[in-house]
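Nothing in this text is a laboratory measurement; each read-out follows from the coordinates by a stated rule. Because the structure is a prediction, the values reported are computed rather than measured. Methodologically, a virtual Cβ is constructed for each residue, glycine included, from the backbone with ideal geometry; neighbour enumeration extends over all protein chains shown.
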Amino acid sequence: MHQFSLEYVRCVNCYGTLETEILGQSDEIEEGFLVCNNCGNKYPIISKIPILYSNLTSYLSNRAQLGGYLVTRAKNVKIKSFVKNSLKKIKNSNLDVTPVEKRWVVTYKNSIKSKFYSHIKNSLNKFTKSGLVLEHGCSIGYVTKYLATKHDIVFGIDQSFFAIMEAKQNNFKNLDFFVANSLNHPFGETKFGLVAGLNLLELVEPLDLLDVLSKQANDMILISDPYDFERGINSVKQTVDSKSLRLELEKRGFIINQNTKKPKFLPWKLNINSRLHLHYKVDLIVAQNNKRS
């Protein structure tokens, strides 16, 4: 974790400011805790990555394998004990998404040559430089890193520790990543010049996510999605389509960019393995806050 990030991150429990208890440091904070000055909640930093969930036990409840990995990954005994104590509180569960999250890291790494990302970069090139930028659901950080070449300070958040660990493999001094939930994000009332959310609407309740993005975006929003909502028991409760998504953004005070008023069909190829490829046609929306401060 970079020191500059402390100015922007907040307690996800009460939005209080955070202080660091540093247990290992090099060019970044390697290990330690972020401690809320208001409610006292503690968030571990492991391998330069803060895990900003109000309850680590809850986060690890379906990631027990990750919990074991974090114990072995941590160097300081206080961090190890903190993770172990969180694991002890987990009730037995047959569901562990750790292997799935690890596989998706490989899939995204194998798919970065998809034309989809060229289209996204072309869209991003048209944005003016912003002081602060945030990408929700950043995964391995491919787009986030590109944003860092164009803007002053850039953050990425994702629920997958392994995706963020991959994203942290960079030399950018103006870029940082956190393990966090988009609907309970760690930025308090901070406003961003640009907020991006790519292909997230089937993973996070769409209308709730739009509420978050619209409150954070002081200027521009960039959203893409293939509208693939058939996820069985993990399906979102309320879906959107190309028309309703644009209408919902307009309800929240945003003006749809002329070039994205009509639905897009950007090709996105995901290379799952040598025998399986997913071919999506992804919609893209760029919108501007009509009530910019």
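Name the trypsin sites (Lys or Arg not before Pro) in the range 165-224 that are in a loop by DSSP and that have at most 13 other C-beta atoms within 10 Å, would you? The partial results should precede the final answer.
On the way: sites: 168, 173, 191, 215; in loops: 168, 173, 191.
Those that pass, being in a loop and sparsely packed, are 173.
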Set of lysines near residue 281 by C-alpha distance (under 16 Å), chain-local residues within fewer than 8 positions excluded: 113, 115, 243, 262, 264, 269
Can you list the GluC sites (Glu not before Pro) in the range 130-202 that are in a DSSP coil and have 13 or fewer other beta carbons within 10 angstrom? 189
To the nearest 0.05, what FRET efficiency results for residue 229 and residue 170 with a Förster distance of 30 Å applied to their C-beta separation? 0.40
Say each of residue 290 and residue 251 gets a label point 7 Å from the Cα, pointing the same way as Cα to Cβ; how far apart are those two points in nm? 1.5 nm
Report, as a whole number in µm² per second, the diffusion coefficient that Stokes-Einstein gives for the range 103-289 at 25 °C and 0.890 mPa s using the Kirkwood radius over alpha carbon pairs. 148 µm²/s
So what is the orientation-averaged projected area of the range 35-142, using the convex hull of its C-alpha atoms, in nm²? 9.6 nm²
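Using Stokes-Einstein with the Kirkwood hydrodynamic radius over Cα pairs, what translational diffusion coefficient do you get for the range 111-198 at 37 °C and a viscosity of 0.692 mPa s, in µm²/s rounded to a whole number? All intermediate terms of the calculation are to be shown ahead of the outcome.
Details: Rh = 13.1 Å.
Value of D from the Cα-based Kirkwood radius: 251 µm²/s.
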Scalar couplings 3J(HN,Hα) for the range 91-105 by Karplus 6.51 cos²θ - 1.76 cosθ + 1.60 (θ = phi - 60°), nearest whole Hz, x for Gly and Pro, are 7, 4, 9, 7, 8, 9, 8, 3, x, 5, 5, 5, 5, 5, 4
So who's got an amide H within less than 5 Å of the one on residue 61, skipping anything under 5 residues away but keeping other chains? H placed 1.01 Å off N, in plane. none
PRE zone check, label point 7 Å out along Cα-to-Cβ of residue 121, amide N under 13 Å, scope the range 144-159, hits 144-150
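Hey, which of these cross-link pairs are over 19 Å Cα-Cα: 48/168; 145/173; 89/168; 48/145?
Violating the 19 Å Cα-Cα cut-off are 89/168.
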From the helices alone, meaning DSSP H stretches of at least four residues, give me the mean residue ellipticity at 222 nm for the chain, per-run term -39500 (n - 2.57), in deg cm²/dmol to the nearest 500. -8000 deg cm²/dmol
